[in-house]
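Structure, as structure tokens:
The values are calculated or read from the model by the stated rules, or taken from the named source; none is laboratory data. Worth saying up front: this structure is predicted, and the values here are computed from it rather than measured. Virtual Cβ from ideal backbone geometry, glycine too; neighbours counted across all protein chains shown.
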Amino acid sequence: MARSSLKILDSLYFQENEDKEIYCSREMDHAVLLQKILVVSFIVALFWKIIRYMCNLLHVEKEPVRVLVTGQIGYAIVPMIARGVMLGPDQPVILHLLDIEPVAEALNGVKMELIDAAFPLLKGVIATTDPIEACMGVNIAVMVGGFPRKEGMERKDVMSKNVSIYKAQASALEKHAAEDCKVLVIANPANTNALILKEFAPSIPEKNITCLTRLDHNRALGQISERLDVQVSDVKNAIIWGNHSSTQYPDVNHATVHTGSGEKPVRELVSDDKWLNDEFINTVQQRGAAIIKASKRSSALSAASAACDHIRDWVLGTPKGTWVSMGVYSDGSYGIQPGLVYSFPVTCEKGRWSIVQGLMIDEFSRGKMDATEKELVEEKSLAYSLPKDAVRILVTGAAGKIGYALAPMIARGMMLGPDQPVILHLHDIQPVAKSLKGVEMELIDSAFPLLQGILATTDAIETCKGVNISVMVGGFPCKEGMERRDVMHKNVPIFKAQASALEQHAAPDCKILVVANPANSNALILKEFAPSIPDKNITSLSHVSERLNVEVGGVKNMPIMPLSPPIAERSLLENLLMMIIGRLKFLACPVLVSSLMIDFEYINSVQDRSTEIIEARKLSNALFAASVACDHVQLCTIGLLALPRELRFLWECILMVLMVSNLTSFTHFLLLAKKENGQTSLDLLSYILPG
């Protein structure tokens, strides 16, 4: 019995120990499992953090895009741009706001509101009335600024006011905008304003200048959606052909509507050709006028939205299978005259637009397209025939002999042509203020038709304000017995002061002709103290000679005829004539100049001509110098030097001789050439001056 009880106790004891071992084993398994879970969780969390960190490294914030907005609807469009409506929700922007001086305070108010709105994408705001500052580095330009269209006004009524505005803005954009700047013109007449902008900003590619017809496109979509009671997003591929005006042609022949059973043609769903060909077209054409009549102001909100749509599709691309309407340069597609800015259906990809090709045009559409094309041709002709803006011309030393001779020549159109109005800025020193006033009175009494104003003053800053051309005659006069060196030290301080005034107050593209001796050195002094004025805008009455000297000197193996005395002992004019002869031979022109043609008595007579005139008149050769100054500016301004290289050199020769001995001297120079290869120098003259 006792033995049996011990066995039972032993079995219980062993069972208890076995249970404890099993329990401990399970506890250890749970602990290991928990450790594994913790380790795995830690590793997963660590890897997640690493992945997020690497993703953040890969995500680089885009560079801000600089967007210029000018004018009236800017208040409506700038918040849309700042919110990402134009360029997308992840594209930072810097806004450049430009308006006219009278609304500078209101412009600053817009800037303050933009700052207060704290738009996350808005990285900066520049608000200014200076076109140059506003255009500096911009990537996109939305050209809204212009004379506003008011109730009862036709497009032609505002065209003359807007042409001058767009000339100035075009110049600022061309010089200061980013290289690939995209330009959208909104101010009416938008198509023709875009054409004018391109005309005065030739370096901006045609593909980068467009005008807004997306507003009309959106209006057409809106009218169709209202008629069919569908969402406007379900309507696509309407077309606006032609001008953003009452002659535009809203075309739905290729438009479709997305329905539950697929895409259906608009004409099929509307099933009312009379409405589509009459009321619908008239409604879209006259929508802008209707809004002005109803609200007493232009359609700023819808225009701002359409501008954002236009730029967004242009930059980011149009959806596949969808086109939009944009005013672009015609390449002759659909029989439209090349060179017009005409609204076409376009698709966009990678920042470039292309006209949709191959669409069928019925007879009704052809008539409408031709009618709006005709209006654009008329607008272009009208824009180019509008009276030119007056050019401001500064003449220094205006009370002196050359200034007195030069001013009436400019006023008569001898410098800039018989159709170019001018405003004369006359400057001279205080001791001759009364004489300067007398010159002003004589000019007024002469009643020159082209002379639209005179500013005569002894204040250098006032007289330099806004001038487009500056003829620097003022300086210490060359008197009998004086050498050029004798007057140099007197003229240096004069040209320092004039340079400073021109740099700060002249028009951005002011062209400067230095006449006062020593002209070359005075031009260099002027450039030294006006570094922001481009080198190409500063010339002197021997500037072309200097250019020829440098250019010809760089030509190797050019046959230059031997002369006596040696080169170092010859005068500048003698060397110059030698280089011209060598250059003519080098270019294989029709005239091969004989080494026997140089008449040194003739050269000497040219060199001594000024001295002889001073001795004869006891005065400088003012009349001749004034005439030559007109010739110089006219040749440089009207672009005769924009010719092929060979012809450009010949014009340089003409200009050089104009500066030293008048046109008759150059004619004599050519007539001395011998007849060779069946051609005379007269044949060369007819080659240079056709007709």
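Each row is one residue, and each column tells you yes or no for (1) exposed (fewer than 13 other Cβ atoms within 10 Å of the Cβ); (2) at pLDDT 75 or above; (3) under 28 Å from residue 132 (Cβ atoms).
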| position | (1), (2), (3) |
| --- | --- |
| 445 | yes, yes, no |
| 450 | no, yes, no |
| 453 | yes, yes, yes |
| 476 | no, no, no |
| 488 | no, no, no |
| 496 | no, yes, yes |
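Among the residues of the stretch 387-424, those identified as surrounded by fewer than 21 Cβ atoms within 10 Å (Cβ to Cβ) and over 24 Å from the mean Cα position of the chain (by Cα) are 401, 405, 408, 409, 412, 413, 414, 417, 418, 419, 423. Any residue in the stretch 405-428 that is among the acidic types (Asp, Glu), free of Cβ contacts under 8 Å to residues at least 60 places away in the same chain and within 26 Å of residue 284 (Cα to Cα)? Within the stretch 405-428, none of the residues are among the acidic types (Asp, Glu), free of Cβ contacts under 8 Å to residues at least 60 places away in the same chain and within 26 Å of residue 284 (Cα to Cα). Criterion applied to 410, 402 was being under 21 Å from residue 509 (Cα atoms) and either of a type in the set (Val, Ile, Thr) or assigned to a helix (DSSP H, G or I) (or both), and the one residue passing it is 410.
Residue-wise test of (1) modelled with pLDDT of 85 or more; (2) among the basic types (Lys, Arg); (3) surrounded by 15 or more Cβ atoms within 10 Å (Cβ to Cβ); (4) within 24 Å of the chain's Cα centre (by Cα).
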residue	(1), (2), (3), (4)
104	yes, no, no, yes
114	yes, no, yes, no
148	no, no, yes, yes
161	no, yes, no, yes
192	yes, no, yes, yes
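Inside the stretch 267-286, can you point out the residues that are among the hydrophobic types (A, V, I, L, M, F, W, C) and within 10 Å of residue 250 (Cα to Cα)? Result: 276, 280, 281, 284.
Taking the numbered list (1) at pLDDT 85 or above; (2) touching a strand residue (DSSP E or B) at 6+ places or on another chain (Cβ under 6 Å); (3) surrounded by fewer than 19 Cβ atoms within 10 Å (Cβ to Cβ) in turn, residue 505 passes all entries but (2). Only a single criterion out of (1) within 17 Å of residue 528 (Cα to Cα); (2) in contact with a helix residue (DSSP H, G or I) (Cβ under 7 Å, 6 or more places away or on another chain); (3) not polar (S, T, N, Q) is not satisfied by residue 473, namely (1).
Residue count for the stretch 311-338, restricted to those that are within 27 Å of residue 367 (Cα to Cα), touching a Ser or Thr at 6+ places or on another chain (Cβ under 8 Å) and touching a residue at least 12 places away in the same chain (Cβ under 8 Å): 9. When every residue of the stretch 246-262 is checked against the conditions, none turns out to be part of a helix (DSSP H, G or I) and either closer than 26 Å to residue 360 by Cβ or in the same structural domain as residue 146 (by TED's automatic domain parsing) (or both). Please verify whether residue 303 is over 18 Å from residue 213 (Cα atoms) and either of a type in the set (S, T, N, Q) or at pLDDT below 95 (or both), treating the condition exactly as stated. Taking the combined requirement at face value, the residue does not satisfy it. Of the residues making up the stretch 540-560, at least one is at pLDDT 70 or above and either within 30 Å of residue 201 (Cα to Cα) or surrounded by 20 or more Cβ atoms within 10 Å (Cβ to Cβ) (or both).
What number of residues within the stretch 366-399 are part of a helix (DSSP H, G or I) and aliphatic (A, V, I, L, M)? Selection size over the stretch 366-399: 6. For the criterion of being of a type outside the set (Phe, Trp, Tyr) and over 30 Å from residue 502 (Cα atoms), residue 399 fails. Checking residue 339 against (1) over 24 Å from the mean Cα position of the chain (by Cα); (2) at pLDDT below 95; (3) surrounded by 15 or more Cβ atoms within 10 Å (Cβ to Cβ); (4) not hydrophobic (A, V, I, L, M, F, W, C): exactly one of these is not met. Which one? (1) is the only condition that residue 339 fails.
State yes or no: is residue 384 farther than 18 Å from residue 468 by Cα and surrounded by 15 or more Cβ atoms within 10 Å (Cβ to Cβ)?
Working: farther than 18 Å from residue 468 by Cα: yes; surrounded by 15 or more Cβ atoms within 10 Å (Cβ to Cβ): no.
No, not satisfied.
Scanning the stretch 238-248 for residues that are surrounded by fewer than 24 Cβ atoms within 10 Å (Cβ to Cβ) and either over 30 Å from residue 177 (Cβ atoms) or in contact with an Asp or Glu (Cβ under 6 Å, 6 or more places away or on another chain) (or both) gives 246, 247.
Only one of the listed residues (503, 483) is without any contact (Cβ under 8 Å) to a residue 12 or more places away in the chain, assigned by TED's automatic domain parsing to the domain that holds residue 422 and more than 20 Å from residue 415 (Cβ to Cβ). That residue is 483. Inspection of the stretch 39-58 finds no residue satisfying the criterion of being under 26 Å from residue 123 (Cβ atoms) and either buried (at least 18 other Cβ atoms within 10 Å of the Cβ) or modelled with pLDDT of 80 or more (or both). Taking residues in the stretch 215-229 that are among the polar types (S, T, N, Q), and partners anywhere that are not in a helix (DSSP H, G or I), the pairs with Cβ atoms closer than 7 Å and at least 6 places apart or on different chains are 225/231; 225/235. Just one of the numbered conditions (1) hydrophobic (A, V, I, L, M, F, W, C); (2) surrounded by fewer than 13 Cβ atoms within 10 Å (Cβ to Cβ); (3) modelled with pLDDT of 85 or more is not true of residue 441: (3). Just to be sure, is residue 435 among the hydroxyl-bearing types (Ser, Thr, Tyr), in a helix (DSSP H, G or I) and within 30 Å of residue 515 (Cα to Cα)? Here the answer is yes, as residue 435 does meet what is asked. Within the stretch 481-529, track down each residue that is within 23 Å of residue 406 (Cα to Cα) and aromatic (Phe, Trp, Tyr). Answer for the stretch 481-529, where residues must be within 23 Å of residue 406 (Cα to Cα) and aromatic (Phe, Trp, Tyr): just 495.
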